[in-house]
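Enquirer: Okay, here's the structure, questions in a sec.
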Amino acid sequence: MNNLGGKLAVRDKLLEIVQKDENHLNIFDVMSLDDLSNDYVTWDDNLGFLEIGKIEHSMEGCACPMGALSRDFLNHLTINENEWILVDTEAGIEHFGRGVLEGADFIIAIVDPSEDAILLANKAYKLSFENNKNFGVILNKIDDNLEEILKSKLDSNIAILGIINYSSDIAMLNLQGNSVESVSIGVLDDIITCIN
């Protein structure tokens, strides 16, 4: 967003399309991953990281310009075989309302052991179904007792793509502000298999 003039510039573009009774930003041309400048993407070997924008200060206003920009970006991005784009959105279902997932092929929700997470996953499944999007969940912070409870509360049509067991080591790393250096390859393989 900063490289496109910041939140105000994107907001002004949004106002312009609303006044013209249009519904897409169309800031971007069709592009591939190779077209993305290093000004926008930080690369580490074959992994790239791009941030659309985020709320930095109080009273900054809504995140709608960021949602619109994300939607436009994803709708103009083409990927080649064996390329993946993982979009990490905020928890909740606001991105459905903003159309951010319009360009997505598959939607994955991370479900922690809480009633709120189960309700959100069930709602996200319904919204995905309404939009003809594939949907699945990864159960997170799970022990033997919790797995069956979550499965019984989730809509029976929801695909469970993987399970990440509770780890006191990971909880401690998070509490200390340290990152986890490796992810369970088994869970990633399960996810990729389900999506394919």
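The values are calculated or read from the model by the stated rules, or taken from the named source; none is laboratory data. Just so it is clear, the structure is predicted and the values come from calculations on it, not from any experiment. For accessibility, only protein heavy atoms count, side chains too; no ligands or nucleic acids. Shrake-Rupley method; radii C 1.70, N 1.55, O 1.52, S 1.80 Å.
Enquirer: Which of Lys133/Lys153; Lys126/Lys151; Lys13/Lys54; Lys54/Lys123; Lys20/Lys123 have a Cα-Cα distance over 28 Å?
Expert: Pairs exceeding the cut-off: Lys20/Lys123.
Enquirer: Quick one: 3J(HN,Hα) in Hz for region 85-91, Karplus 6.51/-1.76/1.60 with θ = phi - 60°, rounded, Gly and Pro as x.
Expert: Values, residue by residue: 10, 10, 9, 9, 9, 5, 5 Hz.
Enquirer: Could you do me a favour and compute the accessible area per residue for region 25-180, 1.4 Å probe, result in Å²?
Expert: 66
Enquirer: Around Ile110, which amide H atoms from residues at least 5 apart in sequence, or from another chain, sit under 5 Å from its own amide H, with H modelled in the peptide plane?
Expert: Residues meeting the amide H criterion: Ile138.
Enquirer: By how many nm would the segment from Ser156 to Lys126 grow when fully extended, if each residue of separation counts as 0.36 nm and the alpha-carbon distance is taken off?
Expert: Length gained between Ser156 and Lys126: 9.6 nm.
Enquirer: Given the Cα atoms of region 66-171, and with Rh set as the inverse mean 1/r over their pairs in the Kirkwood sense, what is Rg to Rh to two decimals?
Expert: Radius of gyration over Kirkwood radius for region 66-171 works out to 1.00.
Enquirer: I need the phi-derived Karplus couplings for region 155-163: 6.51 cos²θ - 1.76 cosθ + 1.60, θ = phi - 60°, integer Hz, Gly and Pro marked x.
Expert: 3, 5, 8, 7, 6, 9, 7, x, 9
Enquirer: While we're on this one: I need the phi-derived Karplus couplings for region 65-80: 6.51 cos²θ - 1.76 cosθ + 1.60, θ = phi - 60°, integer Hz, Gly and Pro marked x.
Expert: Values, residue by residue: x, 5, x, 5, 5, 4, 4, 5, 4, 5, 6, 9, 8, 10, 10, 8 Hz.
Enquirer: Check Asn165: other-chain or 5+ apart residues with amide H under 5 Å from its amide H, H built from backbone geometry?
Expert: Amide H neighbours of Asn165, under 5 Å, 5+ apart: Ile142.
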